[in-house]
Amino acid sequence: MGVSGLLDIAKSALFTQRMALDVTGENIANVNTPGYSRQTALLQTRTPILSSGFPMGNGVEVGSVRRVYDDFLQRQIRLENGRYGEASTSHSSMKRVEQLFSEFGTDGLGTSLSDFFNAWQDLSLNPGGEAERQTLLVRSEALVDRFHQTATYLDQVRLEADRSLQGVTAEVNQLTDGIATLNQQINELEAMGGEANEQRDSRDSLVRDLASKVGITYLEQADGTVTVSLAAGPNLVNGSRAATLSLQPNVADPQMHDVLYTPSGSASSTTDITSILASSGGELAGTISTRDTLVPKVMAGLDEMAYTLATQVNTIHSSGYGLNGSTGLPFFTPPTAPVPPATFTAGYSGIGGISVAIATTADIAAAQSDPTAAGGGKGDNRNALALGDLRNTQFAMAGGVSTIEGYYALLANDVGMTVQGLNQAQTQSQTLGNQLEALRQAGSGVSLDEEFANLLKYQKAFEGAAKLINASTEMLDTVLNMVR
Amino acid sequence: MRVTESMTFSTMINNMQTLREKLAKLQEQAATTYKVNAPSDDPQATLQIYNLKGVKAATDQYLSNIKTGNAWLKQAESALSSISDVIGKAKDAAFSMANGSGDPALATSMTSLIRQLKEEVVVLGNTKYGDSYIFGGYKTESAPFSTTLLANGSVDGTYNGTADSIRVEIGPGSSSPINLTGDSVLRGGTPPGSTGTDVVGMLDNLLNALTANDSAAIQALLPQFGKAMDQITAARSEVGARMVRLDTGRSMQESVQVNLTDVISGAQDADMVKVMTELSQQQTVLQASLASSAKISQVSLLDYLK
């Protein structure tokens with residue numbers, strides 16, 4: 001090895017320092033790229049060669065460009081994303097439901113109920129009075145309207161949850177396709193040597209996004225691809241193939257949709273995974289549980305309240321007498337018989353269910369014996385009294401034993417606790433997620449101060465290598481000039 | 001631990017968001033003056049407040065019921081008082097004619113007086129409160145005492161109401177009667193005279209005795225007047241007792257009302273002093289956070305490299 005050997009060493013230094021500068025440049029350029037993990041060029045000495053009987057160093061080379069990546073943090077982040085997606089989706093829907101039960105600034109169903117019972121008591125003070133009867137009818141209509149409004153709004157929340165499934169499943173499909181494509185790219189690139197750092201970063205980012213949509217687990221295979229599966233089983237991404245999710249109208253309730261899973265390549269073997277998804281986490285779980293569990297529970301409470309009110313009022317009312325001797329008339333339209341094991345008619349609180357069945361004021365049965373008969377009179381207010389007193393009677397309903405107004409308060413309390421719990425879960429997840437992201441940044445993030453220092457380091461080394469070339473050129477000149 | 005630029009910025013942003021969220025909550029409390037603005041703010045308080053509101057609405061209704069009941073009873077009381085006077089006058093007339101002074105002119109004018117007094121008693125029996133006849137039991141829509149003229153020129157006074165007592169709710173599960181029935185007050189039961197003194201019948205008999213100038217019959221009627229007065233007095237004290245019961249009910253419901261308003265306010269209202277203090281506290285914290293963030297993010301190695 002001669003002077004050219006020195007040139008060789010200098011050349012390797014030049015190239016290597018320049019490559020390191022490239023990596024530093026890449027880091028600085030991507031300081032704000034979300035999901036970017038900083039890369040480090042790992043320098044190592046070149047294989048030494050024998051020279052004059054003993055091994056001599058041969059310069060420097062870039063051994064590998066490594067990205068700083070913490071798999072444990074990635075798994076934690078994936079979990080928290082799933083939890084946050086689920087909690088935030090359910091929370092935003094239930095917050096709207098909560099508005100229906102809020103009587104702090106405005107009057108709601110609770111006030112209408114009180115007004116209804118009060119109207120019966122006013123009637124008991126003047127059973128023959130036309131004004132009192134008219135007021136009772138007006139307040140009953142208002143009560144029925146409130147039931148309808150609440151039920152319709154709850155239905156809307158369910159429908160919207162169902163509609164959002166469309167968007168979420170489309171996003172899931174997009175993400176799984178992206179991961180599959182990246183899997184293939186990474187496989188091909190790494191087969192040629194080195195690490196596909198940028199693609200891996202993108203893939204990690206896609207996996208984190210997917211985790212917020214649906215609960216997943218993942219495993220990196222030996223060939224560099226990542227297998228992603230749903231938390232409850234089926235494969236979403238396997239190598240370069242991705243499964244697809246699709247929607248299909250539900251048989252029992254055509255307005256709602258089931259989520260179907262089609263493994264990649266076999267378009268025929270679709271399975272209904274709606275029930276698995278409900279407990280998998282992520283936005284899909286939040287949406288499905290809102291649609292199938294949380295909102296229906298509130299609707300059932302509302303239906304039971306309307307059913308109990310109507311049947312109890314009807315029982316007392318039909319045994320009473322109107323001003324003109326009418327009897328046996330129900331006050332509310334009687335509900336259809338409940339389907340066992342339910343003890344009340346589902347959907348009774350909506351339009352087409354509860355409504356006021358009395359059209360003329362004279363038919364309101366305030367009396368307990370016929371006012372037109374010999375022993376009776378229009379002053380007979382016993383039925384009106386009984387109906388007014390109904391507010392104090394306790395009934396056994398699903399939520400417990402309580403009065404009808406008390407049951408409404410229990411419903412509101414229930415909704416409030418659900419929303420409070422979801423809010424806490426969401427806030428917790430968010431805080432934890434932020435902390436985990438900060439930890440990830442601490443490891444993988446780009447610190448401009450550090451990169452600038454590296455810039456200086458490699459730049460100086462580059463200058464040093466240049467000086468080396470300068471020196472070896474001069475030496476070569478000297479040698480050449482020796483022979484004139 | 002390494003700290004990178006993006007960490008600094010995201011921490012800064014997250015903290016600011018949290019602070020602004022707290023501020024927004026406090027502002028909501030300040031604007032509505034309630035510390036509970038939605039069921040999820042405090043579900044237990046919501047349960048309590050809704051239940052209390054229901055009880056308060058019922059209490060207001062009871063007070064309104066009691067007011068109407070009182071009005072009925074007052075009306076009855078004044079009618080009974082007038083009836084008492086009428087019976088007094090009839091008694092004086094009866095006593096003065098019992099000795100049979102024999103003056104035909106006097107007899108005629110007394111007859112006409114008794115005829116009028118009987119009519120007055122019947123008219124008082126048909127007292128109304130609003131559109132309802134208060135002495136008719138359930139028959140509130142038509143006059144309980146018939147006003148057709150009899151052969152002797154006086155009004156009939158037959159009772160065709162019912163014997164039922166009208167009740168109103170004055171508290172949860174407790175009701176109170178607010179009427180007296182004309183048959184027991186003025187006719188002594190059904191058939192007349194079976195359970196008490198038949199006041200109308202007594203006046204009718206007096207009228208017939210005067211017309212026939214039968215002083216022996218008049219004499220026989222005299223003890224009945226005492227019993228009639230006692231009956232009316234007993235009815236008046238019954239009315240009085242009921243008014244006392246209503247009054248007790250009223251003061252109880254009123255104190256419940258005051259208590260409820262207090263408790264509801266305690267559960268629902270925000271302590272404005274506390275809210276405003278916390279609001280200005282959070283403002284200060286937000287300002288400090290913003291100022292410090294601005295200062296920290298300006299320094300980097302670039303400033304010191306040539």
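Things to note:
- Overall form of region B:255-306 per C-alpha gyration tensor (a/c, 1.5; a/b vs b/c): prolate
- If R0 equals 30 Å, the separation of the Cβ atoms of B:Thr211 and B:Asp85 corresponds to a calculated FRET efficiency of about 0.80.
- A simple spin-label model places the labels of B:Asp247 and A:Thr427 5.5 nm from each other, with each point 7 Å out along Cα-to-Cβ.
- For the segment A:100-106, counting C-beta atoms of other chains within 10 Å of every residue's C-beta and taking the mean gives 5.
- Sorted by Cβ neighbour density within 10 Å, fewest at the top, the residues B:Leu186, A:Leu136, B:Leu26, A:Leu7: A:Leu7, B:Leu26, A:Leu136, B:Leu186
- Per-pair calculated FRET efficiency, R0 = 56 Å: B:Thr261 and B:Ser297 via Cβ, rounded to 0.05: 0.60
- Normalised contact order of region B:186-306, rounded percent, pairs of Cα under 8 Å and 6 or more residues apart: 12
- Charge sum, other residues only, whose C-beta stays under 9 Å from A:Gln420's C-beta, Lys/Arg counted +1 and Asp/Glu -1: -2
- Footprinting exposure proxy ranking of A:Trp120, B:Trp72, fewest other C-beta atoms within 10 angstrom first, gives B:Trp72, A:Trp120.
- Between helix B:43-98 and chain B: long-axis angle, C-alpha atoms, 0 to 90°, nearest 10: 20
- Cα-based reach from B:Lys89 at 27 Å (exclusive), listing lysines while leaving out same-chain residues under 8 positions away: B:Lys74, B:Lys118, B:Lys128, B:Lys227
- Taking 0.36 nm per residue of separation and subtracting the current Cα-Cα distance, fully stretching the chain between A:Leu260 and A:Ala142 would add 38.2 nm.
- Length gained on full extension, B:Leu290 to B:Gln27: 92.7 nm, using 0.36 nm per residue less the C-alpha separation.
- Backbone HN-Hα couplings from phi across region A:118-126 [Karplus 6.51/-1.76/1.60, Hz, Gly and Pro as x]: 4, 4, 5, 5, 4, 4, 5, 7, 8
- Neighbourhood charge, 13 Å Cβ-Cβ cut-off, centred on B:Ala235 and excluding it, Lys, Arg +1 and Asp, Glu -1: 0
- Cβ-Cβ distance of A:Ser275 and A:Thr217, R₀ of 25 Å, FRET efficiency by 1/(1 + (r/R0)^6): the value works out to about 0.85.
- Region B:154-306 shape via C-alpha gyration tensor axes, a/c threshold 1.5: prolate
- Residues A:Thr227, B:Thr111, arranged from fewest to most other Cβ atoms within 10 angstrom of their Cβ, appear as A:Thr227, B:Thr111.
- Near B:Thr46, once Lys and Arg are set to +1 and Asp and Glu to -1 for all other residues with Cβ below 13 Å from its Cβ, the sum equals -3.
- Between helix B:104-125 and chain B: long-axis angle, C-alpha atoms, 0 to 90°, nearest 10: 20
- Using alpha-carbon coordinates, inclination of helix A:197-213 to the longest axis of chain A, degrees: 10
- Whether chain A is rounded, prolate or oblate, judged on the alpha carbon gyration tensor where a/c under 1.5 counts as rounded: prolate
Bear in mind these aren't lab numbers, they're just calculated from the coordinates by the rules spelled out. Note that the coordinates shown come from a computational prediction; the quantities given were computed from them, not determined experimentally. We place every Cβ from the backbone using ideal geometry, glycine too, and count neighbours over all the protein chains shown.
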